[in-house]
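Here the structure comes first, spelled out in structure tokens, and everything after it is commentary.
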Amino acid sequence: MTMARAEDAVTTSCGLADLELLAGARRRAEQLVGLLATLPFTEYTLRVAREYVDESGPVREAFDRFALLDAVEQQRRLRVWRGGAS
């Protein structure tokens with residue numbers, strides 16, 4: 001494998017890892033919204049909320065990396081990710 005192809009493979013795998021992280025964060029956010037809509041709050045609700053906040057740094061970094069890509073590269077990575085995620 002040439003150096004350029006190796007770098008492309010790393011970039012692609014990193015981009016897909018970012019998309020996995022973002023998709024997981026979306027699922028956790030939806031779960032948290034559902035939990036916050038019900039009263040009274042339980043220890044489980046508090047734990048899920050704390051976990052979500054604790055994970056927010058890496059998720060934000062992944063989003064920032066994805067947002068820096070041009071639209072064509074974003075769409076390409078989404079197509080590749082959807083193909084592997086289905």
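The values are calculated or read from the model by the stated rules, or taken from the named source; none is laboratory data. Only a predicted model underlies this, so the values are computations on that prediction, with no experimental measurement involved. Note that each Cβ is placed from the backbone with ideal geometry, even for glycine, and that neighbours are counted across all protein chains shown. All accessible areas refer to the heavy atoms of the entire protein, side chains included, with ligands and DNA or RNA removed. Shrake-Rupley method; radii C 1.70, N 1.55, O 1.52, S 1.80 Å.
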Selection over the range 74-86 where residues are in contact (Cβ under 8 Å) with a residue 12 or more places away in the chain and either charged (D, E, K, R) or farther than 12 Å from Gly15 by Cβ (or both) yields a count of 2
Exactly one of Arg47, Arg79, Arg28 is assigned to a helix (DSSP H, G or I), at pLDDT 90 or above and open to solvent by less than 100 Å² (accessible area, probe 1.4 Å), and that residue is Arg28
What is the number of the single condition among (1) within 15 Å of Trp81 (Cα to Cα); (2) modelled with pLDDT under 90 that Leu39 does not meet? (1)
If only one of Phe41, Phe63 is part of a loop (DSSP other than H, G, I, E, B), aromatic (Phe, Trp, Tyr) and open to solvent by 70 Å² or more (accessible area, probe 1.4 Å), which one is it? Phe41
